[in-house]
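Asker: One structure follows; several queries about it will come next.
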Amino acid sequence: MTALMHTEENRQREKIATLSRSLYERGLTAGSSGNISVRLEDGWLLTPTNSCLGELDPARIAKLDWNGTLLAGDPPSKEAFLHRSMYEARPKAGAIVHLHSTHSAAVSCMGGLDRENCIPPLTPYFVMKIGRLPLVPYHRPGDKALGDVIRGLAARHGAVLLANHGPVVSGPDLEGAIYASEELEETAKIFLLLRNTSVHCLNDEQIDELKTVFKLDI
């Protein structure tokens, strides 16, 4: 059993490095910004502090237990508490992606947003992958108080947008979390393109139909 778990851990390490590089090469993260984690049976993996997502060494990705103790790899991102808070509130979450992607970060800096749902339901795909997106009030990077805020929201929301910062998105697995992050970034781009124009959003009936047909828990 231990050997099987070790093999799965190595597979997830390789997957994090490969998919992180794809995000970096497509401009969805820059420099040493962003961090990614994956839940394991015996802990969780998190990209190291001050690491570039385009140049990760799978063997150096941090492995932590659920008390935050480093078990292997390099020291984890200083935003480990953010990931841990979301995992605690969402036991079915298998992975979490936090990016500073351009359009999502731009929206997070805007005034006058609906803090309960800061990007409207512009497309069915946004509703299906993100649902309602709350805006989390600004906290300085590394502020542990942010963990309590995330924990309070994550039970009802699979993704949040950190004000003046960027999105935090969970998924059932790493691919799912990344696909949802990409859908959020594309919808943020559409939202910005549509500023100062008349917009037709999905109505409650259309959203309810999506929930029923695709069995969405949003």
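Asker: Among the listed residues Pro167, Pro141, which satisfies the condition of being buried (at least 21 other Cβ atoms within 10 Å of the Cβ), of a type outside the set (D, E, K, R) and closer than 16 Å to Glu79 by Cα?
Answerer: Details: Pro141 fails: buried (at least 21 other Cβ atoms within 10 Å of the Cβ).
Checking each option against the conditions leaves just Pro167.
Residue-wise test of (1) over 15 Å from the mean Cα position of the chain (by Cα); (2) among the acidic types (Asp, Glu); (3) within 30 Å of Lys15 (Cβ to Cβ); (4) not in a loop (DSSP other than H, G, I, E, B).
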site	(1), (2), (3), (4)
Gly142	yes, no, yes, no
Gly147	no, no, yes, yes
Leu153	no, no, yes, yes
Val160	no, no, yes, yes
Glu175	no, yes, yes, yes
Arg195	yes, no, no, no
Ser198	yes, no, no, no
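Asker: A follow-up question, please. Give region 200-214 a look and list any residue that's in contact (Cβ under 8 Å) with a residue 60 or more places away in the chain and either in a helix (DSSP H, G or I) or of a type in the set (A, V, I, L, M) (or both), or say none. Walk me through how you get there before you give the answer.
Answerer: As a first pass, look at region 200-214 and keep what is in contact (Cβ under 8 Å) with a residue 60 or more places away in the chain: 201-202, 206-207, 210, 214.
Leu202, Gln206, Ile207, Leu210 - these are the residues of region 200-214 that are in contact (Cβ under 8 Å) with a residue 60 or more places away in the chain and either in a helix (DSSP H, G or I) or of a type in the set (A, V, I, L, M) (or both).
Asker: Can I ask one more? Among the residues of region 38-81, write down those that are touching a residue at least 60 places away in the same chain (Cβ under 8 Å) and either touching a Lys or Arg at 6+ places or on another chain (Cβ under 9 Å) or over 24 Å from Ala145 (Cα atoms) (or both).
Answerer: First pass over region 38-81, keeping only residues touching a residue at least 60 places away in the same chain (Cβ under 8 Å): 38, 78-79, 81.
Within region 38-81, Val38, Phe81 meet the criteria.
Asker: Listed residues Thr49, Thr18; which is β-branched (Val, Ile, Thr), on the phi < 0 side of the Ramachandran plot and exposed (fewer than 13 other Cβ atoms within 10 Å of the Cβ)? Don't jump to the end; show me each part of the working.
Answerer: On the way: Thr49 fails: exposed (fewer than 13 other Cβ atoms within 10 Å of the Cβ).
Of the residues listed, the single one that is β-branched (Val, Ile, Thr), on the phi < 0 side of the Ramachandran plot and exposed (fewer than 13 other Cβ atoms within 10 Å of the Cβ) is Thr18.
Asker: Let me ask something additional. Would you be able to tell me the number of residues in region 100-125 that are out of contact with any Asp or Glu (no Cβ under 6 Å at 6 or more places or on another chain) and within 23 Å of Asp217 (Cβ to Cβ)?
Answerer: Start the filter on region 100-125 by keeping residues that are out of contact with any Asp or Glu (no Cβ under 6 Å at 6 or more places or on another chain), which leaves 100, 102, 105-124.
Checking the rest, the ones that are also within 23 Å of Asp217 (Cβ to Cβ) come to 114-124.
Adding up the residues that qualify gives 11.
None of the figures in this text is laboratory data; all of them are computed from the coordinates on show. As the structure is a prediction and not an experimental result, all values here were calculated from the model. Cβ atoms come from the backbone with ideal geometry, glycine included; neighbour counts cover every protein chain shown.
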